[in-house]
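These notes concern the structure reproduced below.
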Amino acid sequence: MKKALSACLFSAVLLFPFAASAQGPLVRFDGGIGVIPVSSGVGIAPTAEIVNRNIVRGVQPPGQIWVISRLTADIKTDGRISVDGRGLLLGGGNNIGTNANQSVFASLFCNGAVAPNSIDSSPPVPLEANGDFRIDGVLSPPPPTPCANPVLLIRSGGGAWFAAGIPK
């Protein structure tokens, strides 16, 4: 009996580092950047005849500016993701200061990948009236380890990006 118990404890000790490493931190983000849909314009003042859309990793921006007051995200090596966003609201247009009845999800890009090669979180979650949201999900497929040059985009149900995380 004592030998069996010792063998079980020894096995558990050997397996613990593997279980802990599968749940270890992979990437963290602290702070967020709202989207400005146009990154530059060329033309004779006062109008731009040519505009460059603010496309990030192959993901299109929405048609309007969005702001975010706070964003934190933790992504584990086993793919679990936890995102806490505050104040994701329209920053321009007739509906300025509202959530435009949007829902959002998170996409992680590693190693210079571009859309459609993102690793997406759970289904979209609705924005609260004040723009707050919480995402708790599992990335699918699981992210590579290590995740070099990570980019986290908060995207609308339609796919456009509204905000980006700042890597910690």
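The values are calculated or read from the model by the stated rules, or taken from the named source; none is laboratory data. In this text the structure is predicted, and so the values were computed from the model without any measurement. Counting neighbours? That spans all protein chains shown, and the Cβs are built from the backbone with ideal geometry, glycine included.
Name the pairs: first residue in the range 137-148 and within 12 Å of residue 75 (Cβ to Cβ), second residue of a type in the set (Lys, Arg), Cβ to Cβ under 6 Å, at least 6 apart or on different chains?
138/80
Considering 46, 61, which residue is assigned to a loop (DSSP other than H, G, I, E, B), surrounded by 14 or more Cβ atoms within 10 Å (Cβ to Cβ) and of a type outside the set (Ser, Thr, Tyr)? Quick ask: steps written out before the conclusion?
Details: 46 fails: surrounded by 14 or more Cβ atoms within 10 Å (Cβ to Cβ).
Criteria check complete, one pass: 61.
Which one is modelled with the lowest pLDDT, of the residues in the range 21-43 that are over 15 Å from the mean Cα position of the chain (by Cα), among the aliphatic types (A, V, I, L, M) and surrounded by 10 or more Cβ atoms within 10 Å (Cβ to Cβ)?
That would be 22.
Residue 103 passes all but one of (1) buried (at least 16 other Cβ atoms within 10 Å of the Cβ); (2) among the hydroxyl-bearing types (Ser, Thr, Tyr); (3) more than 16 Å from residue 166 (Cβ to Cβ); which number fails?
Answer for residue 103: the failing condition is (1).
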